[in-house]
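The numbers here are math on the coordinates, done by the rules we state, and not lab data. Everything numeric in this text was worked out from a predicted model, so none of it was measured. Heads up, the Cβs are rebuilt from the backbone with ideal geometry, glycines too, and the neighbour counts pull from every protein chain shown.
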Amino acid sequence: MTLKLSKNIDDQDAAYAALIDAHQGLSEAHSIALNARLVLILCNQIGDLDIIKQAIQLACKEN
Amino acid sequence: MAFDYKPFEYVSPPGLYSAEPRHPVVIVGAGPIGLAAALELANYGVSSIVLDDNNVVSVGSRAICWSKRSLEILDRIGIGEACVAKGVTWKVGRTHHRAQEIFSFDLLPEAGHKMPAFINLQQYHVEQMLVEKCFKSPFVELRFKNKVIAIEQCGTEAIITIETPEGTYSLSAEYLLACDGARSPLRAMMALDFEGELFEERFLIADIEMEGEFPSERWFWFEPDFHNGQSALLHKQPDNIYRIDLQLGWDADPEKESDPKRIIPRIEKVIGHSDFKLDWTSIYTFQCRRLSRFVHDRVIFVGDSAHIVSPFGARGGNGGLQDVDALGWRLAAVVQGRASPPLLEQYNAERTFGADENLLNSSRATRFMSPSAGAERWFRDETLALAAHADFARPMVNSGRLSVPCIYPLTAPDVSIMPTQTRPGATAIDAPIEDGWLLNRLGGQMLVLVIGCKAPEGITLPVLTLEPTTEISARYLGDAAHGIYLVRPDQVIAARWQDIEVQAIQEQANAIWEGRL
Ligand SMILES: Cc1cc2nc3c(=O)[nH]c(=O)nc-3n(C[C@H](O)[C@H](O)[C@H](O)COP(=O)(O)OP(=O)(O)OC[C@H]3O[C@@H](n4cnc5c(N)ncnc54)[C@H](O)[C@@H]3O)c2cc1C
């Protein structure tokens, strides 16, 4: 399997808003912790180590 | 009850007075690995001299957890049953975060194995049993207070200089086994690199003696209330001895922390009372390192001299015993002229692979326990936080992944419908058979295991024929109706077929002996 690079969420704007909303009013430390939990939860949801590694690679490129 | 150390006698070595003939094998270091290597070689009829600079068994326990595979290896050299009888058998580990249990594991959920998943037994007891076995073996000569101080290799021999209370002498060996431990003086004398990482963390290790009824389980805590946010471990040993590990942090001053006046209150908080005696304590810094090669011409590194890991996972001594397992049959064959030196290259290949697996697992556990500041710490803390209410996060919590034998990456004939746990490269799995245990019938020779069909005609290798009982079928046949396994002298599965192919079996065996596989 390869990582999806094309649009995969019906309502991306709502998904993006949900992410931003979750961080509303959080201190930086709490935000960081929330993101860490979220990444762990999403990794488990994906389940495929190869896809996870491709996603990490893509994320690293943007640095 | 504290261990009663009885020094072993120093005997004048003959080499002090006149040159000794070249020995086939000289082993430097009478730790668990050197002693086990001598006994394993003795099983094949190979004589060895074991030299040790000291004259007592391990001071302080160090290793306490011995794996199923180690017990199977120790069984082959005659002390496995005694270890189980003396040790505390356990298989359940519980991991806590603060006051809540978040994860537990059962290392041997099924019956039908001679050896338990793990026992706890102090390293000095194991060494004492090994030493006594060596004293009784006509193939092993132990020389205490014999310290190796120089080494030189030329062509087909290694020559060492040895210091004794009466002066120095030298010995020549066809093969020298460097079993001289984590600080290996031989490694230093040969100027070999020992690469890897040091973790910036200190742990207090304490063995205490107390009457108490703690269960025979491994208890690990992350951030317990009783130890100020750091991690802690409690594990039972025989003789009312308990092992306690407490994380102290990199800033801890080792000298101050070694003071019983500081140690005792820390332990009181763990166990909730002060009715105990300190038996042995030590402050440790963990390292994960290995030599890039274990075989250097006539010098072969085995055990901690070749690789060191952090103790969480019990992969040090157990990994070293697997080195002995992989080396013994090969070295015996080379020394006895049944095979040529390239066979030893396979020891190097397999055990550097095994060491890497152990290093990977130990360094991952250490990083989880002792994350560096920043992202490593955030992920660690949030994994623990999630574990309280999300099942998937629980097994991510890593307090040490306990030693299991590695599966060597062999390219060999295989049958895909047979169980993966017994694929080529894996160690044979035990099972009850008619008159005892399967693993007691395997090993020591290259053997053909025939299950559920007639033994092949015309095969020159020894054959063991088995009925497909429930356990044998589940562990060796899977969906196949019958099967043929080629099993190496170290009980590693070399290849398997569904149907009899006498020539293929023979060719596979020859390739192994020639060091081509
Ligand atoms: C706190 C702690 C807990 C551990 N827990 C576990 C565990 O639960 N399970 C596990 O499997 N492992 C564990 N280990 C690791 C285990 O103790 C080692 O892996 C094991 O002792 C290695 O055995 P060895 O024979 O290679 O080396 P050692 O036991 O170190 O023996 C080396 C021997 O060589 C001798 N020697 C050194 N230099 C010379 C010389 N120049 N001449 C002659 N002799 C020499 C020494 O005196 C010594 O007797 C633990 C280690 C520590 C520190």
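What the table below lists for this structure:
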| item | result |
| --- | --- |
| 10 Å Cβ neighbours from other chains, averaged over peptide A:35-41 | 6 |
| Proxy reagent accessibility, fewest Cβ within 10 Å first, across B:C406, B:C179 | B:C406, B:C179 |
| The range B:212-277: relative contact order as a whole-number percent, Cα under 8 Å and 6+ apart | 22 |
| In the range B:1-85, GluC sites (Glu not before Pro) in a DSSP loop with at most 14 other beta-carbon atoms within 10 Å | B:E9 |
| Prolate/oblate/rounded call for the range B:74-231, Cα gyration tensor, a/c under 1.5 rounded | prolate |
| Cβ charges +1 (Lys, Arg) and -1 (Asp, Glu), total dipole of the protein assembly as shown, debye | 280 |
| Principal axis box of the range B:258-411, alpha-carbon based, largest edge first, Å | 61, 40, 24 |
| Calculated over the range B:237-349: convex hull of Cα atoms, volume per residue (Å³) | 146 |
| The range B:420-513, dipole about Cα centre (Lys/Arg Cβ +1, Asp/Glu Cβ -1), debye to the nearest 20 | 200 |
| Antiparallel %, DSSP beta bridges [both residues in chain B], to 5 | 75 |
| Relative exposure of A:D50, A:D13, B:D75, judged by other C-beta atoms within 10 Å (fewest first) | A:D13, A:D50, B:D75 |
| Cα gyration tensor shape for the protein assembly as shown, rounded if a/c is under 1.5, else prolate or oblate | oblate |
| Whole-number Å³ per residue for the convex hull built on Cα positions in chain A | 108 |
| Proximal aspartates and glutamates relative to B:K147, as straight alpha-carbon distance under 20 Å, when same-chain residues fewer than 8 apart are discounted | B:E9, B:E20, B:D52, B:D53, B:E127, B:E157, B:E163, B:E166, B:E174, B:D180, B:D304 |
| Stretchable slack from B:R338 to B:T420, in nm (0.36 nm times residue separation minus alpha-carbon distance) | 26.3 nm |
| Cβ-based exposure ranking for B:V57, B:V11, in which fewest neighbours within 10 Å come first | B:V11, B:V57 |
| The range B:26-41 - phi-based ³J(HN,Hα) in whole Hz, Karplus 6.51/-1.76/1.60, Gly and Pro as x | 10, 10, 9, x, 9, x, x, 6, x, 5, 5, 4, 4, 6, 5, 5 |
| Selection from B:A85, B:H389, B:G45 lying farthest towards where the dipole of the protein assembly as shown points positive, charges on Cβ | B:G45 |
| Across B:K6/B:K277; B:K91/B:K136; B:K256/B:K277; A:K53/B:K91; B:K6/B:K68, pairs whose alpha-carbon gap is larger than 24 Å | B:K91/B:K136; A:K53/B:K91; B:K6/B:K68 |
| Global form of the range B:406-483, assessed from the alpha-carbon gyration tensor, a/c cut-off 1.5 | rounded |
| Debye, to nearest 20: dipole size of chain B, +1 on Lys, Arg Cβ, -1 on Asp, Glu Cβ | 160 |
